Amino acid sequence: MPRIAIIGGGISGLSAAFTLEEKRQSGAQSDTKIEYVLFEAAPRLGGVMVTDRADGCLIEAGPDSFLTEKPWAADLCRKIGLGDQLIGSNDADRKTYIVVKNKLVVMPDGLMFMVPTKILPTVLSPLFSLRTKMRMAAEWFHPPHKAEADETVAQMVERHYGSEMVDLLADPLLSGVYGGEATDLSVRAVLPRFADMESKHGSLGRAMLAARKKMASATKAPPRPLFTSLKEGMQQMVDALVARLDPADLRTSSPVQSLIPHSTADGWIVAAGYQSDHFDAVIIAAPARAAAAVLESADAKLAAELAGINYSSSVTVTLGYDEKVRRALPPGFGFLVPRSAGRRMLAATFVHNKFPHRAPENRAIVRCFLGGSRDEQILDSTEDQILQIVRDELRQIIGLTAEPLFTRVYKWKSAMAQYSVGHLERLVRIQSLCQKLPGLALAGNGFTGIGVPDCVRSGTEAASKILSEIGLWSAA
């Protein structure tokens, strides 16, 4: 009976385990049986997907939703019986602000990520200077361009729209998603669609508008919400997955120290704690640097490549307020803070607007984000110090002086992978080195996407790869 080890019990590892469990269940009445064991260093499963509650409010410690256009997370939710629990963001009230000189300036209508697709709202917006508006108009005539080598997001955006667009939109948007900076992150890895549009069409604005029109003509269905979540929070997905797995196969508080190819037989020796065991295959669904540590003895070159993938840390702070504050807060989903604003907050979400059901009508939830690659030292601050920073900056930015009814602070060390320039070339080298190690698959947010859907896909594909190698999987 093939034995498979899964290292890492976040959403990637759990998705891999579920894929193996499905195969095990389908083979329960036949001779094609498998066995797997999941090792997780922490005392709980699910990684950063943690849902809390206070004063009738639902609080997300990690991600609060996922992009609707990426189907893998929603598809998995339906498979595990959560289809009726999927909910969309309240896009009727979707409005995002940028902090400029301690004031909130609304992002103009027609911006798709950072690309203007409507001229009039952009021209009338006080967000941009006249010089940038002229650059935006000229961008519609930008010739096709294919960069000879990988470049940063900042380089590409500045080429099209100028440095102000990098400061006001590209950098804060990427800080919110990746916890990284536009001057470091790779266009080809982070925004491959933009790189493709530029090479084919030249103008990002014209290309984006054409793509939107094509999508609108292809389907007559109403537009889907931008974000999807679960009624009882993102941990509901973790709990449902764990419930589908055999508890005997899940080993929490079990860090793996090393992986060593078996000297006399196929497979791997997995050393965890004071025990070691033989497995026919291994799926590493841990952060890339953790994967590097356990693979050092097996392949130093592969370990070095994995260790080269950097991660940033984050802090999320949730504050609950009463009905008076709710009435006083601006409409919309929240605001982004450019680096030029000189603040430590990266962004804030008005959760009661984005997902109204997560707070009673007489409560407001403000969720703030700090950290990222430019402020790793925030992790050294105490919870009281972090709360003081957040409350001071909320007072300066939106005039919020009320005492919160409750607060929550969550620290996530090295949680978000940074796809720096050259990341895709690194992935090619990693894949080549992995091919020399049969029975090994990698998953997680360090490779081809950091969102929940990307992690689900990576775990599922890693499990499928291993099943294929041992002859238990086919595309059919």
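All of (1) modelled with pLDDT of 95 or more; (2) among the small types (G, A, S); (3) surrounded by 18 or more Cβ atoms within 10 Å (Cβ to Cβ) hold for A170 with one exception: (1). Does the stretch 249-267 hold any residues that are at pLDDT below 95 and either within 20 Å of S468 (Cβ to Cβ) or aliphatic (A, V, I, L, M) (or both), and which are they? Result: L259, I260, P261, A265, D266, G267.
Considering only the stretch 362-393, state which residues are charged (D, E, K, R), more than 21 Å from the chain's Cα centre (by Cα) and under 23 Å from Q418 (Cα atoms). Steps first, please.
Let us first name the residues in the stretch 362-393 that are charged (D, E, K, R), namely 363, 367, 374-376, 380, 383-384, 391-393.
Subsequent filtering for residues that are more than 21 Å from the chain's Cα centre (by Cα) retains 363, 380, 383-384, 391-393.
Hit for the stretch 362-393 is D380, nothing else.
Any residue in the stretch 6-18 that is within 30 Å of A154 (Cβ to Cβ), open to solvent by 30 Å² or more (accessible area, probe 1.4 Å) and not in a strand (DSSP E or B)? Within the stretch 6-18 (the criterion being within 30 Å of A154 (Cβ to Cβ), open to solvent by 30 Å² or more (accessible area, probe 1.4 Å) and not in a strand (DSSP E or B)), the answer is no, since none of the residues qualifies. Selection over the stretch 288-315 of residues that are part of a helix (DSSP H, G or I), in contact with a helix residue (DSSP H, G or I) (Cβ under 8 Å, 6 or more places away or on another chain), buried (at least 19 other Cβ atoms within 10 Å of the Cβ) and in contact (Cβ under 8 Å) with a residue 60 or more places away in the chain gives a count of 5.
Scanning the stretch 350-359 for residues that are in contact (Cβ under 8 Å) with a residue 24 or more places away in the chain and either assigned to a loop (DSSP other than H, G, I, E, B) or in contact with a strand residue (DSSP E or B) (Cβ under 6 Å, 6 or more places away or on another chain) (or both) turns up V351, H352, F355, R358, A359.
Please verify whether I269 is free of Cβ contacts under 8 Å to residues at least 12 places away in the same chain and hydrophobic (A, V, I, L, M, F, W, C), treating the condition exactly as stated.
Working: free of Cβ contacts under 8 Å to residues at least 12 places away in the same chain: yes; hydrophobic (A, V, I, L, M, F, W, C): yes.
Answer is yes for this residue.
Residues that are under 30 Å from L86 (Cβ atoms), touching a residue at least 24 places away in the same chain (Cβ under 8 Å), assigned to a helix (DSSP H, G or I) and in contact with a helix residue (DSSP H, G or I) (Cβ under 6 Å, 6 or more places away or on another chain): does the stretch 151-166 have at least one? So far as the stretch 151-166 goes, no, none of its residues is under 30 Å from L86 (Cβ atoms), touching a residue at least 24 places away in the same chain (Cβ under 8 Å), assigned to a helix (DSSP H, G or I) and in contact with a helix residue (DSSP H, G or I) (Cβ under 6 Å, 6 or more places away or on another chain).
Give the stretch 181-194 a look and list any residue that's part of a helix (DSSP H, G or I) and either open to solvent by 30 Å² or more (accessible area, probe 1.4 Å) or on the phi > 0 side of the Ramachandran plot (or both), or say none.
Matches in the stretch 181-194: R188, P192, R193.
To keep it simple, each residue is scored yes or no on (1) in contact (Cβ under 8 Å) with a residue 60 or more places away in the chain; (2) assigned to a helix (DSSP H, G or I); (3) open to solvent by less than 50 Å² (accessible area, probe 1.4 Å).
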residue: E198; (1), (2), (3): no, yes, yes
residue: R206; (1), (2), (3): yes, yes, no
residue: G233; (1), (2), (3): yes, no, yes
residue: M237; (1), (2), (3): yes, yes, yes
residue: A240; (1), (2), (3): yes, yes, yes
residue: A248; (1), (2), (3): no, yes, no
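Checking each residue in the stretch 152-206 for being in contact with a strand residue (DSSP E or B) (Cβ under 8 Å, 6 or more places away or on another chain) and polar (S, T, N, Q) picks out T152, S175, T183, S186.
Does the stretch 208-217 contain at least one residue that is more than 30 Å from L14 (Cα to Cα), open to solvent by less than 10 Å² (accessible area, probe 1.4 Å) and modelled with pLDDT under 90?
Yes: the stretch 208-217 contains one or more residues that are more than 30 Å from L14 (Cα to Cα), open to solvent by less than 10 Å² (accessible area, probe 1.4 Å) and modelled with pLDDT under 90.
The values are calculated or read from the model by the stated rules, or taken from the named source; none is laboratory data. Everything quoted here is computed from the prediction, not taken from an experiment. Please note: Cβ atoms are built from the backbone with ideal geometry, for glycine as well, and neighbour counts cover all protein chains shown. The protein model used for the area step is the full one, side chains on, heavy atoms only, and it has no ligands, DNA or RNA in it. Shrake-Rupley method; radii C 1.70, N 1.55, O 1.52, S 1.80 Å.
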